[in-house]
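The values are calculated or read from the model by the stated rules, or taken from the named source; none is laboratory data. Source: prediction; values computed, not measured. Neighbour counts are summed over all protein chains in view; Cβ atoms, including those assigned to glycine, are modelled from backbone coordinates with ideal geometry. These accessible areas exclude ligands, DNA and RNA; they are computed on the full protein's heavy atoms, side chains included. Shrake-Rupley method; radii C 1.70, N 1.55, O 1.52, S 1.80 Å.
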Amino acid sequence: MSAATTPVLEGRNLTKYFWVKQGRGPFARRAPVHAVDNVSLALDAGKVTAIVGESGAGKTTVARILARIIQPDQGQVFLAGKPAPKGRSRSYAAQVQMVFQDPFASLNPVHRVSYDLLRPLRIHRFVTRDADASVNELLKRVALNPPAQFAAKFPHELSGGQRQRVSIARALAVRPRVLIADEPVSMLDVSIRLGVLNLLADLRNEEGLAILYVTHDIASARYLADTISVMYAGQLVESAPSAQLTDSPAHPYTQLLISAAPDPDRTSPPHLKGRGAPPSLLAPPSGCRFHPRCPYVMDICKSQAPPSIPVAPGHVSACWLHVNPASRDASGNGVPATAGSATEKETKR
Ligand SMILES: Nc1ncnc2c1ncn2[C@@H]1O[C@H](COP(=O)(O)OP(=O)(O)O)[C@@H](O)[C@H]1O
Ligand SMILES: [Mg+2]
C-alpha cells in the first residue's frame with residue numbers, strides 16, 4: 001500500500017465483550033455483552049468518516065477502542081499503518097484526540113478557559129514564550145472571537161456551543177492528526193449544531209484532520225461526512241460514500257433508519273416503530289442480528305450471518321438479499337469468497 005492510501009487510523013476486526021453480572025445470589029454468573037463484533041473502519045486524512053446507529057449499537061465502544069481508552073478483545077488498531085501499542089500513551093494521545101458529547105462534563109467548572117487550554121499545551125510542550133498568544137491562537141481556530149475575552153471566562157459563562165468549541169480547541173492543542181467526536185452536537189440546541197458541524201468541516205478541509213463523527217443522526221452524517229458506516233447491534237451492516245449510502249441504501253436496516261429520520265418533505269409517519277427494538281447484546285439473535293426486525297427476512301438469515309457484499313464501488317452491505325439465491329441454495333458453494341469466513345465465525349460462537 002502506498003503512503004498516500006494508508007489510513008491515518010484504522011481498526012481491523014475489532015471485537016469487544018463487556019462482562020456483566022447476571023442473576024442473584026448463588027445463581028449469579030457473569031455473561032458477556034457482545035458490544036462490538038468484528039468491526040473494521042479506516043479514517044483518512046482530510047476526510048470525515050461517520051459511524052451511525054441507534055443507541056446501544058456499539059458506536060462509543062468502537063470510538064473508545066480507536067482512542068486506545070479501552071482494549072479490544074480481538075482485532076488490531078493501526079496508526080499510520082503501524083500496529084498501535086497497547087494503552088493510550090502520551091504520544092498516541094497527541095495524535096488521536098477525543099471530543100465528547102457533554103461539553104459541561106468535560107470542562108472543569110473551577111478553571112478558566114485559558115487554564116483548560118494551557119494544560120495540554122504545557123504537557124506536550126507546545127507553549128511558545130507567550131502563553132496567552134498560544135491560547136488565543138487556539139480560540140481563533142475554533143472561531144471564539146475575541147479570543148482574549150473567551151480565555152478569561154469560566155465554563156458556566158459559556159453557551160453549550162461555545163463550550164463544545166473550547167473542548168475542540170483543547171483537543172487541537174496537542175496538534176492531533178485524528179479527532180474522534182462522539183455525538184459532539186447531540187446535547188446542543190438545534191440552532192447551534194450546524195455551526196459546530198461546520199467547524200469540524202473546516203478542520204477537515206483546512207487542516208487535513210482525519211475525523212470520526214459518531215452520531216445517531218443519519219441526516220447530520222450525510223451533511224458532514226465523506227463516508228458513512230452504519231452499525232446495528234454491535235456489527236457494521238453497511239458502509240459507503242455518504243450521498244450513495246443515503247440516496248441508495250442497500251441494507252434493510254439502513255433503509256429503515258433513513259425512513260425513520262425526520263424529513264420535511266415526507267408526510268407519512270416514520271415506520272421504524274412497530275418493527276421492534278434492537279436486541280439484547282447479552283444474547284444477540286443468531287444469523288443476521290437484524291433478522292427479527294427485517295421486513296425481508298429469509299430462512300438463511302436466521303441461521304447464518306451474512307457476509308459483506310460489494311454492491312457498488314466503495315459500497316458494501318452485509319445482507320443475504322445481495323447474494324444470488326441460486327448460489328445461496330448450493331450449501332454455501334458459489335457464494336462470494338467472504339461468505340465462508342463470516343459463516344465459520346458465526347458457527348464457532
Ligand atoms: N462498561 C460497560 N459495561 C457493560 N456494558 C457496556 C459497557 N459499555 C457499553 N456497554 C454495552 O455495550 C453496548 C454498546 O454500547 P455503546 O458502545 O455505548 O453504544 P452506543 O454508543 O452506540 O450507544 C450496549 O449494550 C451497552 O449497554
Ligand atoms: Mg454512545
Subject >> Per DSSP, loop trypsin sites (Lys or Arg not before Pro) in segment 96-199 with at most 10 further Cβ within 10 Å >> reply: Arg125, Arg129
**OP:** Among Asn205, Val230, Gln97, flag the residue with its Cα farthest along the positive direction of the charge dipole of the chain, charges on Cβ as +1 for Lys/Arg and -1 for Asp/Glu.
**Re:** Gln97
**OP:** Taking 7 Å along the Cα-to-C-beta vector as the label spot, tell me the Arg122-Ser91 distance in nanometres, rounded to one decimal.
**Re:** 2.5
**OP:** Would you mind classifying segment 1-131 by shape? Square roots of the alpha carbon gyration tensor eigenvalues, ordered a ≥ b ≥ c; an a/c under 1.5 is rounded, otherwise it is prolate if a/b is larger than b/c and oblate if not.
**Re:** oblate
Subject >> Hull volume in cubic angstrom per residue (convex hull over the Cα atoms of segment 106-233) >> reply: 120
**OP:** Excluding Gly58 itself, calculate the net charge of residues whose Cβ lies under 15 Å from the Cβ of Gly58, where each Lys or Arg counts +1 and each Asp or Glu counts -1.
**Re:** -2
Subject >> Where labels lie 7 Å past Cα in the beta-carbon direction, separation of Glu157 and Glu137 in nm >> reply: 2.4
Original post:
So how tilted is helix 160-172 from the main axis of the chain? Cα-based, degrees 0 to 90, rounded to 10.
Top reply: 90
Subject >> Magnitude of the charge dipole, the chain, Cβ model with Lys/Arg +1 and Asp/Glu -1, debye to 20 >> reply: 1320
Original post:
Helix 131-141 versus the longest principal axis of the chain: what is the Cα-based angle in degrees, 0 to 90, to the nearest 10?
Top reply: 40
Subject >> On Cα atoms only, tilt of 190-207 relative to the major axis of the chain in degrees >> reply: 80
Original post:
Taking +1 at the Cβ of each Lys and Arg and -1 at the Cβ of each Asp and Glu, which of Ala143, Val178, Val110 sits farthest along the dipole of segment 56-195 towards its positive end, judged by Cα position relative to the Cα centre?
Top reply: Val178
Original post:
How long are the three semi-axes of the equivalent ellipsoid for segment 140-196, computed from the Cα gyration tensor as the root of 5 times each eigenvalue, in whole Å, largest first?
Top reply: 17, 17, 9
**OP:** Give me D for the chain in µm² s⁻¹, whole number, from Stokes-Einstein with Rh from the Kirkwood sum over alpha-carbon pairs, 4 °C and 1.567 mPa s.
**Re:** 60
Original post:
Just in segment 1-105: which trypsin sites (Lys or Arg not before Pro) are loop by DSSP and have at most 15 other Cβ atoms within 10 Å?
Top reply: Arg24, Lys86
Subject >> Residue-wise HN-Hα coupling along segment 290-297, computed from phi with Karplus coefficients 6.51, -1.76, 1.60 (Hz; x: Gly, Pro) >> reply: 8, 4, x, 9, 7, x, 10, 4
Subject >> Dipole magnitude (debye, nearest 20) for segment 1-132, charges at Cβ of Lys, Arg, Asp, Glu >> reply: 580
**OP:** With r as the distance between the Cβ atoms of Ala80 and Asn198 and R0 = 30 Å, compute the FRET efficiency 1/(1 + (r/R0)^6) and round to 0.05.
**Re:** 0.60
**OP:** Work out which chymotrypsin sites (Phe, Trp or Tyr not before Pro) in the chain are exposed loop sites (DSSP not H, G, I, E or B, at most 16 other Cβ within 10 Å) and give the longest gap free of them.
**Re:** 127-295
**OP:** Using a cut-off of 10 Å between beta-carbons, work out the net charge of the residues near Tyr232 (Lys and Arg +1, Asp and Glu -1, Tyr232 not included).
**Re:** 0
Original post:
Per the 1.4 Å probe, what fraction of the accessible area of the chain, in percent, lies on carbon and sulfur atoms?
Top reply: 53
**OP:** Add +1 for every Lys or Arg and -1 for every Asp or Glu among the other residues with Cβ under 13 Å from the Cβ of Pro249, and state the total.
**Re:** -1
Subject >> Percentage, to the nearest whole number, of Cα pairs in segment 55-172 over 20 Å apart >> reply: 49
Original post:
Solvent-accessible area per residue for segment 1-71 at a 1.4 Å probe radius, Å²?
Top reply: 48
Subject >> Given charges at beta-carbon only (K, R positive; D, E negative), |dipole| of segment 110-207 in Debye >> reply: 320
